[in-house]
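Student: Take this structure first; my questions come after.
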Amino acid sequence: MTPVFGLVLAACAIDLAAGLRRKSQRASQNQSSTLALQSVDCEAFSELIIKGKKVGKAATTVCQKWPASWGTFPIDDINRAKDIFNHGFGEDGLWDQMKELADERSRSTDFCWRAHTSPDVNHCFEDDTFYKKGFRSKDMPGQDRTNEPTQLWCQKRCALVSGCKHFSYFSADGGCHLQDAGASPHDYLGRRPVAGPPVCPETQLMQSMSQLNASETWFGSGGATTTCPSGFQPSTLIGKFAEVCSSRCNGSKMPVSCGFGCASSSSNCASTLMGQVSQVLKTVGTVAGYLTGNQKVAQVVEKVLSLVEFIVSTLFSLVKIGKEMWTAYNEADSAAAFLTIFIAFIKDNAEQINQNMDTFKALFGEVIEFWMDMVDEGFKSPEISLNFVTSTMDKYGEAVLDGAAGLVSVFVFPKC
């Protein structure tokens with residue numbers, strides 16, 4: 001089988017010197033950051049099925065969350081929606097391409113992301129702890145276990161549920177459990193859960209940031225001041241990201257070092273792509289907005305890595321497919337159709353693995369403008385600009401990182 005990185009690189013034309021993206025001028029835009037006052041009946045799409053695929057809920061969500069700065073949702077009736085969306089579901093169409101890609105990556109035996117660790121402490125969350133009531137109950141009444149891509153998605157779910165006072169997240173399998181005020185904390189070293197409140201108090205975030213800002217790094221110009229844990233090595237990152245250690249590849253099932261990942265062989269490592277991802281990450285590492293005290297530095301690094309790799313290697317290739325499918329339609333219709341099918345596929349996968357749909361919808365609403373900027377760039381530009389990716393990551397910062405990275409977790413390579 002052709003290595004995944006080889007496939008995605010062949011589909012991407014990278015322009016490292018394209019410069020910063022010039023912002024599009026839309027005469028009809030309302031520059032408010034609030035949602036547009038919709039003249040479109042978004043609920044009319046809710047039961048829409050195209051070639052056996054339930055796209056209605058996704059279309060309704062995209063329509064409802066469409067930001068005012070982009071004007072009114074352009075697909076204004078059910079018949080137009082059927083006509084436009086139908087183009088994405090043909091043989092080898094957009095849906096099929098996304099499914100093949102997600103399946104290939106989730107089962108990859110050619111590449112994995114290194115694990116990362118950092119010495120900083122998150123004063124809001126409790127490591128190796130979970131909450132339960134009584135002998136067995138990990139879940140409050142009416143709230144069963146769900147699978148969430150990250151601990152912050154689990155925390156967001158807790159924030160949306162009335163009476164939730166504690167979340168417990170098991171990263172090994174994505175298990176998310178909610179508990180009310182009557183639950184008590186318990187140690188659990190074996191599965192390394194993390195627990196916390198529905199919202200982190202500002203004082204705790206400031207405490208985490210104060211500790212981070214007061215520290216130097218593990219690795220100064222005179223050499224390592226503290227050795228990395230066993231099995232880890234310095235990451236070679238800069239700024240506050242310099243505190244991060246990366247797991248080693250040698251001795252593992254994928255022994256070839258490949259940037260911030262490990263590969264089964266040198267031929268399965270797309271070193272050019274890894275260099276581009278590294279370039280974005282190192283630039284982002286100098287941006288203070290990515291460190292808010294809400295999560296450990298190593299977790300920020302892992303999410304930036306997976307998100308940037310997906311955008312550079314995959315998203316723009318998918319957008320190119322969409323452009324070819326919707327050549328007969330205007331750009332606004334095409335972008336709305338692409339985003340709807342993109343979200344429909346991710347939502348379909350989320351339902352299959354038992355994610356909480358209220359959390360999914362809420363976090364998508366928080367990051368829709370980030371994804372719309374990326375999709376818009378893909379439709380407007382013939383080539384990818386790393387400067388655009390970097391500046392957009394800088395523009396939105398850590399505020400959208402977890403929502404954006406968690407949303408595309410179905411496309412992420414496994415961790416080593």
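The values are calculated or read from the model by the stated rules, or taken from the named source; none is laboratory data. None of these values were measured; they are calculated from a predicted model. In this analysis, Cβ positions are derived from the backbone assuming ideal geometry, glycine residues included, and neighbour counts consider all displayed protein chains.
Student: How about segment 405-415: which of its residues are out of contact with any strand residue (DSSP E or B) (no Cβ under 9 Å at 6 or more places or on another chain) and either assigned to a strand (DSSP E or B) or among the aliphatic types (A, V, I, L, M) (or both)?
Tutor: ALA405, LEU407, VAL408, VAL410, listed by residue number.
Student: Let me ask something else about it. In segment 258-288, which residue that is more than 21 Å from PHE310 (Cβ to Cβ) and not in a loop (DSSP other than H, G, I, E, B) is modelled with the lowest pLDDT?
Tutor: Result: ALA288.
Student: What residue, of CYS154, CYS124, is at pLDDT 90 or above and either crowded, with 18+ Cβ neighbours inside 10 Å or of a type outside the set (A, V, I, L, M, F, W, C) (or both)?
Tutor: Of CYS154, CYS124, the one residue that is at pLDDT 90 or above and either crowded, with 18+ Cβ neighbours inside 10 Å or of a type outside the set (A, V, I, L, M, F, W, C) (or both) is CYS154.
Student: Still on this structure, I have one more. I need every pair where a residue in segment 302-315 that is closer than 14 Å to CYS112 by Cα has its Cβ under 8 Å from the Cβ of a residue that is assigned to a helix (DSSP H, G or I) and basic (Lys, Arg), sequence separation at least 6 or different chains.
Tutor: Every condition considered, no pair remains.
Student: Scan segment 391-416 for residues that are within 12 Å of the chain's Cα centre (by Cα) and of a type in the set (Ser, Thr, Tyr) and report the count.
Tutor: Summing the residues that are within 12 Å of the chain's Cα centre (by Cα) and of a type in the set (Ser, Thr, Tyr) in segment 391-416 gives 1.
Every residue, every condition in (1) touching a residue at least 40 places away in the same chain (Cβ under 8 Å); (2) farther than 19 Å from PRO74 by Cα; (3) not in a helix (DSSP H, G or I), yes or no:
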site	(1), (2), (3)
SER317	yes, yes, no
LYS320	yes, yes, no
THR327	no, no, yes
ALA362	yes, yes, no
GLU366	no, yes, no
VAL389	yes, yes, no
THR392	yes, yes, no
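Student: To continue, here is another question. Which residues, counting only those in segment 81-127, are farther than 23 Å from LEU305 by Cβ, assigned to a helix (DSSP H, G or I), in contact (Cβ under 8 Å) with a residue 12 or more places away in the chain and among the charged types (D, E, K, R)?
Tutor: LYS82, LYS99 - these are the residues of segment 81-127 that are farther than 23 Å from LEU305 by Cβ, assigned to a helix (DSSP H, G or I), in contact (Cβ under 8 Å) with a residue 12 or more places away in the chain and among the charged types (D, E, K, R).
Student: So, one more: Please work out which residue is modelled with the lowest pLDDT, limiting yourself to segment 60-116 and to residues that are of a type in the set (Gly, Ala, Ser) and surrounded by 21 or more Cβ atoms within 10 Å (Cβ to Cβ).
Tutor: Selected residue: GLY88.
Student: Any idea which of (1) touching a Lys or Arg at 6+ places or on another chain (Cβ under 7 Å); (2) more than 30 Å from GLY182 (Cα to Cα) is the one LYS138 doesn't satisfy?
Tutor: (2)
Student: Another question, if that's okay. For segment 289-298, what are the residues that are more than 17 Å from ASP394 (Cα to Cα) and modelled with pLDDT of 75 or more?
Tutor: LYS296, ALA298
Student: Give the residues of segment 128-139 that are of a type in the set (D, E, K, R), in a loop (DSSP other than H, G, I, E, B) and more than 22 Å from VAL301 (Cβ to Cβ), sorted by residue number.
Tutor: ARG136, LYS138, ASP139
Student: Taking into account only those residues within segment 340-355 that are surrounded by fewer than 22 Cβ atoms within 10 Å (Cβ to Cβ) and not β-branched (Val, Ile, Thr), which is nearest to CYS63 (Cα to Cα)?
Tutor: LYS347
Student: Could you say which residue among ASP402, ASP373 is touching a residue at least 60 places away in the same chain (Cβ under 8 Å), among the charged types (D, E, K, R) and part of a helix (DSSP H, G or I)?
Tutor: Selected residue: ASP402, the only one of ASP402, ASP373 that is touching a residue at least 60 places away in the same chain (Cβ under 8 Å), among the charged types (D, E, K, R) and part of a helix (DSSP H, G or I).
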